[in-house]
Structures are given as structure tokens and as C-alpha cells.
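Values quoted throughout were computed directly from the atomic coordinates according to the rules given, and no laboratory measurement underlies them. Please read all numbers here as calculations on a predicted model, not as lab measurements. Neighbour counts are summed over all protein chains in view; Cβ atoms, including those assigned to glycine, are modelled from backbone coordinates with ideal geometry.
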Amino acid sequence: MFTVFAQKKEPVNVTNPERVDPVSDKQEYLGYTIRLIPAMPAPGSVANYGFDILKNNKPVVHQFQNALPFSQKGIQKKEDAAKIAQWIIQDYKKTGHWQNTVPAYIAHELKIETL
């Protein structure tokens, strides 16, 4: 008698990320350039995005890991990555400090799905 177990390579209910296009997934915001990039996936996740923030074509932020430490899913949508990058720029203009994580209440205000 033999017993065989099979398992999918990817976890259930995980979406595959859209490809990041360096031309169309770039935007100007308050004098900075936001460029979306694929990011290191959060544990148990496949789709994940990060971003670079540039000023005068020089990088000032390279967000390649999950900016949502309270969310195991990470940044699942390109639009959410852009919203987070815009918030980081706004916060920098207010405080003079670059953030590398986003508080949960900000993610909620930005309507970013975190569960």
C-alpha cells in the first residue's frame, strides 16, 4: 500500500503579481519620481510590490521589502505601492525624515487592504 501527498507550490488565495513596467509604472509626485519595482515577498505571499523614490534621477528611497509590517500580505497592488510612496513623500516634506514603514492607521486612511 502506498500513500501519496500532493501540495501546491503557492499558498491558496494568493494572487500572482502584475508585471512591473518601468515606463508605465513610473509617476511624478511633488517633484519626486516614484518608480514601482517587484519586492521581496512577505512570508506566505507571492504578489508584492516595492518602489524607488528619486529626486533629480538620484535615489533617495529604495523600498524593496514590506512597508506594512503589520500585514503579512505585504503590498498586493501597484496602486497601493504608489499610494504608500506618495504618503512617504508627503511625510518627508512635513518631518524631514524618510519613513520605511507605514503605520496601520495610515494604511487604513489610504484604503489599503492589509488582511
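Modelled this way, with points 7 Å down the Cα-to-C-beta line, the labels at K26 and V60 are 1.7 nm from one another. Note down the net charge around T33, summing +1 for each Lys or Arg and -1 for each Asp or Glu among other residues with Cβ under 9 Å from its Cβ. After counting each charged neighbour, the total is +1.
Each Lys or Arg adds one and each Asp or Glu subtracts one; over the other residues with Cβ under 12 Å from the Cβ of P59, this totals +2. Among 73-83, 56-66, sorting by the average number of other beta carbon atoms lying within 10 angstrom of each residue, highest first, gives 73-83, 56-66.
Computed over segment 26-109, the quotient of the alpha carbon radius of gyration and 2.2 N^0.38 Å is 1.02. Note on D91 and L110: their simple-model spin labels are 0.8 nm apart, each label 7 Å out from Cα toward Cβ.
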